[in-house]
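Let me begin by presenting the structure, written as structure tokens, before commenting on it.
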Number of protein chains: 2
Amino acid sequence: MAQVTSAAPKVARRRPDSTSPAAAEEMSLSGDIAKRLEEEILRGRVRPGHRLDERELSERYGVSRTPVREALQRLSASGLAVARGRQGLQVAQLSVADLIDALSVVAQLEALAASQAARRILPEQRSLLREAHEACELALEKGDADAFYDANLAFHDVVVAASHNRVLQDEIRRLSLKTAPYRRAITFQPGRMTGSVPEHAEILQAILDNDGKRASELMSRHITLLTEGIADFLQFVRASGDRVLFAETA
Amino acid sequence: MAQVTSAAPKVARRRPDSTSPAAAEEMSLSGDIAKRLEEEILRGRVRPGHRLDERELSERYGVSRTPVREALQRLSASGLAVARGRQGLQVAQLSVADLIDALSVVAQLEALAASQAARRILPEQRSLLREAHEACELALEKGDADAFYDANLAFHDVVVAASHNRVLQDEIRRLSLKTAPYRRAITFQPGRMTGSVPEHAEILQAILDNDGKRASELMSRHITLLTEGIADFLQFVRASGDRVLFAETA
DNA sequence: CAAGCCCGTCTTGCATGCAAGCTTGCAACT
DNA sequence: AGTTGCAAGCTTGCATGCAAGACGGGCTTG
């Protein structure tokens, strides 16, 4: 009889905890949570195969299960999480074949981005691109793999932004999230950082020269080399599990 | 006071209506509804700008608002629908610039699909591809634009399927849904059907010959021509609204 | 007569309750 | 001892209730 008369909906509206830095710009809890989950995946805090528990997340973020469920639906629609029958969702786990396929798609899309960026880049973005490249160089000199990972992301982000193609931007973002955990592992491979910087330099030059065709080819090759790096990377993980990478739960 | 004692959850679980042909394979209502909505968008039954009302949909499908909401979240995550502040969602409306951008992405992705299909196609898919092409020819002869639209979709679907690249398949599906309403309009333009068939024939041949590079170039050009068709199409809609196509609600 | 304000209504967003299904651990049986 | 049945719990999936914005209409006022 309780909820009919009073229903006592807890309290006005308790913000999750407001101590977190990323808050204060979202208006819907579900969107907020979706963003946070994406961020955690991108940053490698949750790994592929990780089980996403509704109640745990709702408690962690201090909201009810409904917005959490809606956020999970969004991740699922983006392909970032996969439903496992009636038994909840888990962060998408790519097989080796899927990963290679995904990277071929990323290569193709980033090639288009580079091509369009070469034609559409704005003056201020030229500066940003140079700066991002220099940050990569700096991280390489220092041998700081974490910094390089971030600087590398920034470089690619600027290229994509300079394409001024929102649709392309969305697609690349989605795929980048899916492949981020694996790309991260590859970035940390010995030779990759050293190899990337001169490739970036060429791409940078081609874009600054407004040479779309060349930028496209270089970028495609750049990502393809990344793919080849996987072959090397696989030598490491071959021991553990054959079909699936990062099988932490299984 | 009623729901405390009985709570009367309607009935056991009433399937939406079970008369529909596509039912009987989904296990979650939200996923089911998401598929139906996608289908309606693809088929052109709901047009860009259409307001998606939770209650209306829940009544139409005979379920509560929760699964409907979850389905809408998925569409929103896919970019098929956009949230309009606190005022619900509407089917994504592409500006002219966005549409052109989206088609350039589709072109790039379908080119990759054609390339990989040329290398990976299976024997039975060769037959399917031929059949799909013949269906296009038949529809052209009959001058049946609706049939051609479907046959054309089928042809491209087979190419994508033959790429055996699930990631690519997902991405193309998503983008195809977004651009479907506009592609549909273009397909119905006078010359497009006639022009498409010989292009398909060349693509078909290149794939059957396992010539990935040529298939890729042909497919890219094929879609690009579609894009150019937009310029013509725009002559028609220029009168109504400038930035947005199909602005039915505004 | 026009413009602005206020209030009613409608719709979304979130919380919570309830039912069904998967999982798991125990126990009984072969 | 191994296997199979079963039951309890835990988790998801859906329904519903309630509160907070957003829109619209009508009224008032300059």
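The values are calculated or read from the model by the stated rules, or taken from the named source; none is laboratory data. Only a predicted model underlies this, so the values are computations on that prediction, with no experimental measurement involved. Neighbour counts run over all protein chains shown; Cβ positions are idealised from the backbone, glycine included. Heavy atoms of the whole protein, side chains included, go into the accessibility calculation; ligands, DNA and RNA do not. Shrake-Rupley method; radii C 1.70, N 1.55, O 1.52, S 1.80 Å.
Remarks
- Buried accessible surface for the B/A pair, both sides summed and rounded to the nearest 100, is 3000 Å² with a 1.4 Å probe.
- Model label sites at A:ARG126 and A:ASP209, defined 7 Å from Cα along the beta-carbon direction, differ in position by 1.5 nm.
- Comparing the full protein assembly with the isolated chain (1.4 Å probe, heavy atoms, ligands and nucleic acids excluded), the residues of region B:102-136 losing at least 50 square angstrom of accessible area are B:VAL105, B:GLN108, B:LEU112.
- Simple point charges give the picture: +1 on the Cβ of Lys and Arg, -1 on the Cβ of Asp and Glu, and for region B:27-72 a dipole about the Cα centre of about 120 debye.
- Contact-buried residues of region B:138-173, at a threshold of 20 Å² lost accessible area versus the chain by itself: B:ASN165, B:ARG166, B:VAL167, B:GLU171 (1.4 Å probe; DNA, RNA and ligands ignored).
- Shortest-first nm distances, A:LYS142 label point to equivalent points in other copies (7 Å, Cα→Cβ): 6.7
- Rg/Rh ratio calculated on Cα atoms of region A:33-111 (Kirkwood radius): 1.02
- A full extension of the chain between A:LEU225 and A:ARG60 corresponds to an added length of 55.4 nm, given 0.36 nm per residue minus the alpha carbon distance.
- Estimated inter-spin distance, B:ALA97 and B:ASP146, nm [label 7 Å along Cα→Cβ]: 3.8 nm
- A simple rule links phi to the HN-Hα coupling: the Karplus curve 6.51 cos²θ - 1.76 cosθ + 1.60 with θ = phi - 60°, which for region A:124-129 gives 5, 6, 4, 5, 4, 5 Hz, with x for Gly and Pro.
- Shortest-first nm distances, B:ARG60 label point to equivalent points in other copies (7 Å, Cα→Cβ): 3.6
- Close amide H contacts of A:LEU52 (hydrogens built in the peptide plane, cut-off under 5 Å, sequence separation of 5 or more or a different chain): A:LEU89, A:GLN90, A:VAL91.
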